[in-house]
Each structure stands twice: as C-alpha cells, then as structure tokens.
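Chemist: I am attaching a structure below and will ask some questions about it afterwards.
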Amino acid sequence: MNLLELRGVSHAYRQGGLFGRRRQVPVLEDASLRIGAGECVALLGPTGSGKSTLGRILLGLEAPDRGEVLYRGALLRDGRGRMAPESRRAIQAVFQDPYGATSARFSVLDVVAETLWPLRLPAAALRERVAGLLDDVGLEPPMMDRLAHRLSGGQLQRVCIARALAPGPRLIVLDEAVNSLDMETQARILSLLGALRRRSRVAYLFITHDLRLIRGFADRVYVMQDRRPIEVDDPLGDGPVPPVMATLRAAILPARPLPRGQRLA
Ligand SMILES: Nc1ncnc2c1ncn2[C@@H]1O[C@H](COP(=O)(O)OP(=O)(O)O)[C@@H](O)[C@H]1O
Ligand SMILES: [Mg+2]
C-alpha cells in the first residue's frame, strides 16, 4: 500500500476580479502521484508549474477541486475537510524560507515544541526532548534558549527540520527546503536529510526547480509537465524525457546541446 497517494487531482485558482472578470486559472489537471513508505520522491518543475500547490494538497492544507488524496489507503480529509490527528502528525513540512516559517518572538525551544504540544509534556521532559532533536540535526542543545531569528539561515532551517521530525512523521514534504541556502550549507543539509532518512525510515517529497539537488538523493523522480507530474526514469541520462525536463537540464548544463527537435521554452 502507498503511504500517500494523489489520484486524479485538479485544482484552479480564481484570479483577478477587481476590475476585470474573475477567471479560473487551472494549476493542476488530473494529477496523480504516489509515495511509498520510506521513499524519497523528487518533484521537479519550473517556477509556477504547480509544485507547491501539489505539496499543500498532500499536506491537507488545501482541498483540491477534484480528485482524491489518500493516506495509507484512506481519504486524508473527511467530508468536512478535517484531518485525523494521527495523519496530521504523520505528514510534516519544511519550506523554503525558515524565517517566514517561524515566529520572530519564538525561542528555538518554542519553534521545535510547536509540533509537540499535543503530548502535553512537563517542562523538563519537553526540554530534554528538544535537546535530543537539536542534537539529531547537528545543533548544540543550549541553543534552544536563543531567539530563533538570531540564528543563521542554515541553523534555522535545521531547527525547522527538528520541528518536522519531532512528532515522528512518516513523510516530510520539503518544498524548496534548501534553495535559499548557500551551496555549502545546501550540501550539509542534504547530507543531514539523507542520514535522518536512513535512521528513521521517514519518506520525503523533495520539491525543487533545481535539477542538481536531486542527484544521488531521490529514489524516484517526477517532473511537472502540462499541469501534472510525469514520472521520469533517468532525469540526468541521455534517454527521452518530457520537454520540460530538457529546459531544467539546460538551466544547469548550459554547454550541453538540447536533444534534437527540442527547444528551450
Ligand atoms: N493562493 C493562490 N492564489 C492564486 N494563485 C495562486 C495561489 N498559489 C499559487 N497560485 C498560482 O498558481 C500557479 C502555481 O503556483 P505554485 O503551486 O506556487 O507553483 P510552483 O511551486 O511550482 O512555483 C502560479 O501561477 C501561481 O501564481
Ligand atoms: Mg513553489
């Protein structure tokens, strides 16, 4: 059974409306995707291709216009749009901007504890738990009493990863989670994510527009083409790939000629 599955999902946003007519802008059309337990699945695509929308739908943060989201074979949200507390804990997220994803008033402890409050731990047990999580992501436990926004981007992203790990999730949606970091920090965080996955068997949906980041990292790869994810066997090989993949390749490998018949979009 798949851990998480998107089946025939369509979604549109309503745009405009102030002066002109409001119109529906389709973002996903008949989109399907599956993530197995412990799998690292990459979702590639240029900016604006609907990756974050798909991620929010998988997280249950947004309801699709049509189609189904299944968590372990059952609907993720009930008829009233509510998620079971168990699936809420099981699916966590890390976003691109760690400062935007945390409150400026919060200490590091407060940030990591956000996903732990349903456990109602006594203060000392909570500090111990957070210390262990900070250690897991390569941070010194005494850091928990500092204000989160005093940290560097790389340190704060580690705190966000600790927050996502805290409830023992089965899946973490990483939406451009390393894209705002410098290259050296990117490499460190990617190796941390790899180590955490080997240890905890958590699955990742790794969303990015940068093809370089998935090399040696993803078990399976999808690319957004015509508003739906298409699975690609060998994204960096010489075989045939969807046209949008050639665009992503050209962005990182400018010296490489495009395959015959394909042009930069
Ligand atoms: N909340 C929203 N309201 C209206 N339009 C949106 C909203 N979120 C995203 N869009 C539009 O949907 C399209 C896909 O966006 P997004 O899912 O963020 O793509 P990506 O993550 O691949 O860059 C874009 O054209 C974007 O402008
Ligand atoms: Mg996005």
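Chemist: Through the Karplus equation 6.51 cos²θ - 1.76 cosθ + 1.60, θ set to phi - 60°, convert the phi angles of segment 94-107 into ³J(HN,Hα) values in whole Hz; use x for Gly and Pro.
Modeler: 10, 9, 5, 9, x, 6, x, 8, 9, 7, 5, 8, 8, 7
Chemist: When the dipole is taken about the Cα centre of segment 120-166, and only Lys, Arg (+1) and Asp, Glu (-1) are charged at their Cβ, what size is it in debye, to the nearest 20? Don't skip to the answer; put the middle values down first.
Modeler: Numbers: 7 positive and 5 negative charges, 42 e Å.
Magnitude of the dipole: close to 200 debye.
Chemist: Continuing with the same structure: If a paramagnetic tag sat 7 Å from the Cα of S10 along the Cα-Cβ line, which residues of segment 58-86 would have the backbone N under 16 Å from that point?
Modeler: 64-69, by backbone N distance to the label point.
Chemist: Using a probe radius of 1.4 Å on heavy atoms only, what accessible surface per residue do you get for the chain? Whole Å² is fine.
Modeler: 52
Chemist: Among 185-198, 38-51, how do they line up from the highest to the lowest mean number of other beta-carbon atoms within 10 Å?
Modeler: In descending order of packing, they fall as 38-51, 185-198.
Chemist: List the chymotrypsin sites (Phe, Trp or Tyr not before Pro) within segment 1-109 that DSSP assigns to loop and that have no more than 12 neighbouring Cβ atoms inside 10 Å.
Modeler: F19
Chemist: From zero outward in steps of 10 Å, how is the percent of C-alpha pairs of segment 45-161 spread across the bins?
Modeler: 12, 35, 31, 19, 2
Chemist: Here's another thing I want to ask about it. Please get the size of the charge dipole for the chain, origin at its Cα centre, with Cβ charges of +1 on Lys and Arg and -1 on Asp and Glu, quoted in debye to the nearest 20.
Modeler: Here the size comes out at about 520 debye.
Chemist: Same structure again: At D110 and N2, where each label point lies 7 Å from the Cα along Cα→Cβ, what is the point-to-point distance in nanometres?
Modeler: Reported label-point gap for D110 and N2 is 3.9 nm.
Chemist: Net charge near R14: determine it from the other residues with C-beta under 12 Å of the C-beta of R14, scoring Lys and Arg +1 and Asp and Glu -1.
Modeler: +2
Chemist: Right, here's the next one. When the label point is put 7 Å from the Cα of A187 along its Cα-to-beta-carbon vector, which residues of segment 136-160 have a backbone N closer than 19 Å?
Modeler: 138, 153-155, 158
Chemist: FRET efficiency for D145 and N179, Cβ-Cβ distance as r, R0 = 30 Å, nearest 0.05?
Modeler: It comes out at approximately 0.55.
Chemist: Computed FRET efficiency, Cβ-Cβ of R220 and R120, R0 45 Å: what is it to the nearest 0.05?
Modeler: About 0.70, to the nearest 0.05.
Chemist: R0 = 22 Å: FRET efficiency of R201 with D135, Cβ-based, nearest 0.05? Please report the intermediate quantities before stating the final value.
Modeler: Values: r = 19 Å, r/R0 = 0.88.
The formula returns an efficiency of 0.70 here.
Chemist: Is the shape of segment 143-221 rounded, prolate or oblate, going by the alpha carbon gyration tensor and its root eigenvalues a ≥ b ≥ c, with a/c under 1.5 for rounded and a/b larger than b/c for prolate? Provide the component values of the computation, followed by the final result.
Modeler: On the way: a/c = 2.08, a/b = 1.27, b/c = 1.64.
Verdict is oblate for segment 143-221.
Chemist: Now for a separate question. Order of 145-152, 134-141 by packing, highest average Cβ count within 10 Å first?
Modeler: 134-141, 145-152
Chemist: Next question. Could you please state, rounded to a whole Å, how far the C-alpha centre of segment 54-69 is from the C-alpha centre of segment 180-206?
Modeler: 25
Chemist: With Kirkwood's inverse mean 1/r over C-alpha pairs for Rh, give me the Rg to Rh ratio of segment 132-265, two decimals please. The partial results should precede the final answer.
Modeler: Numbers: Rg = 17.4 Å, Rh = 16.7 Å.
Reported Rg/Rh (Cα atoms, Kirkwood Rh): 1.04.
Chemist: What residues qualify as long-range amide H neighbours of C40, i.e. H under 5 Å apart, gap of 5 or more or another chain, H built at 1.01 Å from N?
Modeler: Y204, D219, R220
Chemist: So if the hydrodynamic radius of segment 1-43 is defined as the Kirkwood radius over C-alpha pairs, what does Stokes-Einstein give as its diffusion coefficient at 25 °C and 0.890 mPa s, in µm² per second?
Modeler: For these conditions, the coefficient is 194 µm²/s.
Chemist: Let me ask something else. Label segment 94-176 by shape, choosing from rounded, prolate and oblate, from the square roots a ≥ b ≥ c of the eigenvalues of the Cα gyration tensor; if a/c is under 1.5 it is rounded, and otherwise prolate applies when a/b is larger than b/c, oblate when it is not.
Modeler: Numbers: a/c = 1.56, a/b = 1.18, b/c = 1.33.
Oblate, because a/c is 1.5 or more while a/b does not exceed b/c.
Chemist: Let's see if you can work this out: charge +1 on each Lys and Arg Cβ, -1 on each Asp and Glu Cβ, no other charges. What is the dipole magnitude of segment 85-199 about its Cα centre, in debye to the nearest 20?
Modeler: Roughly 360 debye, rounded to the nearest 20.
Chemist: Kindly identify segment 66-109 as rounded, prolate or oblate by the Cα gyration tensor criterion: order the square roots of the eigenvalues as a ≥ b ≥ c, call it rounded if a/c is under 1.5, otherwise compare a/b with b/c, prolate if a/b is larger, else oblate.
Modeler: Prolate shape, in that a/c is at least 1.5 and a/b is the bigger ratio.
Chemist: Right, something else. Keeping all protein chains in place and using 1.4 angstrom, which order do S52, S87 fall into by accessible surface area, from largest down?
Modeler: From most exposed to least exposed: S52, S87.
Chemist: Still on this model: Run a plain Debye calculation on the chain (Cα atoms as equal point scatterers, no solvent) and give log10 I(q)/I(0) at q = 0.14, 0.17 Å⁻¹, rounded to two decimals, same order as the q list.
Modeler: Log10 of I(q)/I(0), two decimals: -1.03, -1.36.
The values are calculated or read from the model by the stated rules, or taken from the named source; none is laboratory data. Since we're looking at a predicted model, the values are computed, not measured. Cβ: placed from backbone, ideal geometry, glycine included. Neighbour counts: every protein chain shown. The area values use the complete protein model at the heavy-atom level, side chains included, leaving out ligands, DNA and RNA. Shrake-Rupley method; radii C 1.70, N 1.55, O 1.52, S 1.80 Å.
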